Amino acid sequence: MVLVFARTSRFTLTAQNKFRALYVRHATNSATKTLSKLAEYRKPIIYNALVIKELAKEVYIKEGLRPPTMSEFSQVWSNLQSFGLKDLKEISLRDAARIVIRSVEVFGFFAIGEMIGRRSLIGYKD
């Protein structure tokens, strides 16, 4: 009985090792294929990244963009802290309707973007 158990466990370990080796081989092949595909796109990706960088730099300079100052941070923080439920009670019906309409518009654009991204109206294609 002990010999049978030892042979069974040895067989099981061998089968597990074969499975692990097969899994590692598959993962290595997949990684190699992915890296070779990325190597093909290396030059276009680097070129496009440099173009985007230069374009962003030009926009940054022409628009006079700069990081916010500490006084601007403190002003925004104080505005956020002062906002409360009393401000929500003072909203008119017209403003509330505008908020609801804008929220529905944003959700609609999000839903349309999801459909375009999935290339399907319902669910993802397998």
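List of remarks:
- Potential extension, Thr14-Arg66 segment - 0.36 nm per residue separation minus Cα distance: 12.4 nm
- For the range 38-126: rounded, prolate or oblate by the Cα gyration tensor [a/c cutoff 1.5]: oblate
- Helices assigned as whole DSSP H runs in the chain whose Cα atoms extend at least 20 Å along their own long axis and whose mean Kyte-Doolittle hydropathy is -0.5 or higher are found at 2-40, 42-62, 93-118.
- In straight-distance terms, cross-link reach from Lys62 covers every one of the lysines whose alpha-carbon lies under 16 Å from its own, apart from those fewer than eight places away in the same chain; here that gives Lys53.
- Look at where the Cα atoms of the range 51-90 and of the range 103-118 average out, and the two centres are 26 Å apart.
- Take the Cα of His26, step 7 Å toward its Cβ, do the same at Lys57, and the gap between the two points is 4.7 nm.
- When +1 charges are put on Lys and Arg Cβ atoms and -1 charges on Asp and Glu Cβ atoms, the dipole computed for the range 34-109 relative to its Cα centre reaches about 220 debye.
- Ile116 paired with Tyr41, simple spin-label distance in nm, labels 7 Å along Cα-to-beta-carbon: 1.9
- For Ser36, net neighbour charge (Lys/Arg +1, Asp/Glu -1) across residues whose Cβ lies under 15 Å away: +3
- The chymotrypsin sites (Phe, Trp or Tyr not before Pro) of the range 15-59 meeting both criteria, a DSSP state outside H, G, I, E and B (loop) and at most 11 other C-beta atoms within 10 angstrom of the site's C-beta, are Tyr41.
No value in this document is a laboratory result; all are computed from the given coordinates. All values reported here derive from a predicted model rather than from experimental measurement. As a convention, Cβ positions derive from the backbone with ideal geometry for all residues, glycine included, and neighbour counts pool all protein chains shown.
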